[in-house]
Amino acid sequence: MKFCVLMGSPKLNGNTAELTKPFVDELKRNGAEVTYITLADKNIKPCKGCYACQHVSGEYGCVIDDDDVPGIINRMIESDCIVLATPIYTWYCPAPMKALLDRHYGLNKYYGSAKGSLWEGKKIAIIATHGYERGYATGPFETGIKRFCKHSNLKYMGMFSVRDEDDLASFQTESAVNGARAFARMLLSRE
Ligand SMILES: Cc1cc2nc3c(=O)[nH]c(=O)nc-3n(C[C@H](O)[C@H](O)[C@H](O)COP(=O)(O)O)c2cc1C
């Protein structure tokens, strides 16, 4: 199975990256192909809302072609499961991930002369880190992603999250590391 892990924290070696490490390691140990993409160091321009992509059949078709998004979108299309690894920032995800989520538009052809989807049926999973208690902290983001999956005909696979109680140390505990590994095995085992 091919995974595309989108790591959305501005800290490339922060809490979210730390929690994602054992997850990626477990996927690889079980034979999965993993592409790990950090978003904070990429050039991700915001969607213009021009709808031009909605009139381009069979390809992404975004008019913005001078940033890193077309390359990232290709890696997403090549994968079976896309993992959003993110800290919760102001009840959602940090800006580069939100900008990339908005740029999904050309993957769904719903609003123009083009028809179909370039990613229907793909799996989406979340790895989150957060300061507040789990349900309170992650509710808005998880709800948003669940609705996004329904809208785009993607399969929502669930979320693994750990609370930041002691910076990096919170994500190095046995329960955090084992939980991340178990989440990876769950994704590999489910159709
Ligand atoms: C700008 C900013 C906004 C945050 N907003 C939230 C929030 O809305 N809810 C929450 O539970 N934690 C929030 N946090 C805490 C982070 O989610 C938490 O510390 C996380 O583990 C940071 O991960 P990182 O090191 O990968 O960036 C915020 C932190 C920052 C810096």
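The values are calculated or read from the model by the stated rules, or taken from the named source; none is laboratory data. Worth saying up front: this structure is predicted, and the values here are computed from it rather than measured. Cβ sites come from the backbone with ideal geometry, for glycine too, and all protein chains shown count toward neighbours.
Being buried (at least 20 other Cβ atoms within 10 Å of the Cβ) and within 30 Å of Phe171 (Cα to Cα) is the filter here, so list the residues in region 45-72 that pass it.
Passing the criteria: only Val69.
With respect to Asp65, determine if the residue is of a type in the set (Asp, Glu) and at pLDDT below 95.
Numbers: of a type in the set (Asp, Glu): yes; at pLDDT below 95: yes.
Taking the combined requirement at face value, the residue satisfies it.
Against the condition touching a residue at least 12 places away in the same chain (Cβ under 8 Å), in contact with a Lys or Arg (Cβ under 6 Å, 6 or more places away or on another chain) and either within 16 Å of the ligand (Cβ to nearest atom) or assigned to a loop (DSSP other than H, G, I, E, B) (or both), how does Ile64 come out, does it pass?
yes
How many residues does region 29-50 hold that are touching a Phe, Trp or Tyr at 6+ places or on another chain (Cβ under 9 Å) and free of Cβ contacts under 8 Å to residues at least 24 places away in the same chain?
Residues of region 29-50 that are touching a Phe, Trp or Tyr at 6+ places or on another chain (Cβ under 9 Å), as a first pass: 32-36, 47, 49.
The next check asks that each one be free of Cβ contacts under 8 Å to residues at least 24 places away in the same chain; those that pass are 49.
The total comes to 1.
Suppose we filter Ala182, Ala137 for residues that are out of contact with any helix residue (DSSP H, G or I) (no Cβ under 6 Å at 6 or more places or on another chain), farther than 21 Å from Cys81 by Cβ and hydrophobic (A, V, I, L, M, F, W, C); which single one remains?
From the options Ala182, Ala137, the qualifying one is Ala137.
Do we have Val56 as in contact with a helix residue (DSSP H, G or I) (Cβ under 6 Å, 6 or more places away or on another chain) and either within 20 Å of Lys155 (Cα to Cα) or modelled with pLDDT of 95 or more (or both) here?
On the way: in contact with a helix residue (DSSP H, G or I) (Cβ under 6 Å, 6 or more places away or on another chain): no; either within 20 Å of Lys155 (Cα to Cα) or modelled with pLDDT of 95 or more (or both): yes.
When the stated conditions are applied, Val56 does not pass them.
Quick one: in region 111-130, which of the residues that are touching a residue at least 40 places away in the same chain (Cβ under 8 Å) and loosely packed, with under 13 Cβ neighbours inside 10 Å is farthest from the ligand (Cβ to nearest atom)?
Within region 111-130, the match that is farthest from the ligand (Cβ to nearest atom) is Ser113.
Do you know which residues across region 157-169 are surrounded by fewer than 17 Cβ atoms within 10 Å (Cβ to Cβ) and either touching an Asp or Glu at 6+ places or on another chain (Cβ under 8 Å) or closer than 27 Å to Gly121 by Cβ (or both)?
Gly158, Leu168
With the condition being farther than 19 Å from Phe23 by Cα and either among the β-branched types (Val, Ile, Thr) or modelled with pLDDT of 95 or more (or both), I'd like the helices (runs of 4 or more DSSP H) fully within region 94-191 carrying at least 3 qualifying residues.
Answer list for region 94-191: 95-102, 134-152.
Collect the residues in region 143-191 that are among the polar types (S, T, N, Q), within 16 Å of the ligand (Cβ to nearest atom) and more than 16 Å from the chain's Cα centre (by Cα), keeping them in residue-number order.
The answer is Ser170, Gln172, Thr173, Ser175.
If I filter region 87-103 for residues that are β-branched (Val, Ile, Thr) and within 16 Å of the ligand (Cβ to nearest atom), do I get at least one hit? Before the answer, list the steps.
Of region 87-103, the ones β-branched (Val, Ile, Thr) are 88, 90.
Subset that is within 16 Å of the ligand (Cβ to nearest atom): 88, 90.
Scanning region 87-103 turns up at least one residue that is β-branched (Val, Ile, Thr) and within 16 Å of the ligand (Cβ to nearest atom).
Just the residues that are of a type in the set (Lys, Arg) and assigned to a strand (DSSP E or B), please, taken from region 1-41.
Within region 1-41, the first condition is being of a type in the set (Lys, Arg), and the residues that meet it are 2, 11, 21, 28-29.
The answer is Lys2, and nothing else.
Could you list, in sequence order, all residues of region 1-34 that are among the hydrophobic types (A, V, I, L, M, F, W, C) and within 24 Å of Thr90 (Cα to Cα)?
Val5, Leu6, Met7, Leu12, Ala17, Leu19
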